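All remarks here apply to the structure that follows.
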Amino acid sequence: MRKGTMQRRPKNPRAQSALPESFGSVAEAADFWDDHDSMDYQDQMADAEFTVDIKKRRYLVPIAGGILEAIRARARSQGVSTETLVNLLLKEHAGRTEQGSCQKTV
């Protein structure tokens, strides 16, 4: 677990437009920050303290298109995300493998 603090840096002397109090949408915020440098607004931002606990890893595994579509359809019908269903299926299969009941198929 890592602890960190974001601290203000010296203000960038470039001219800036006013920082909006809030954004109407994520897209509006993205558009604003695409055209502006956050360093120009350091004097208007509060320091943030945070703790980061990185435990989760993601792995990219190729899945045949037909299989993926079937999994997506099944996930939708069960009201879960594709990621959740894949993890549940893999966990279930891994449990069977540990018990020695998994048979190799070709």
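Only one of these is more than 30 Å from S17 (Cα to Cα), without any contact (Cβ under 8 Å) to a residue 12 or more places away in the chain and surrounded by 10 or more Cβ atoms within 10 Å (Cβ to Cβ): A64, A73. Name it.
Exactly one residue qualifies, and that residue is A73.
Scan region 41-61 for residues that are at pLDDT 90 or above and either more than 30 Å from L19 (Cα to Cα) or of a type in the set (D, E) (or both) and jot them down.
Passing the criteria: E49, L60, V61.
The values are calculated or read from the model by the stated rules, or taken from the named source; none is laboratory data. Note that the structure is a prediction, hence the values are computed from the model and not measured. A quick note on method: Cβ atoms are made from the backbone with ideal geometry, for glycine too, and the neighbour counts reach across all protein chains shown.
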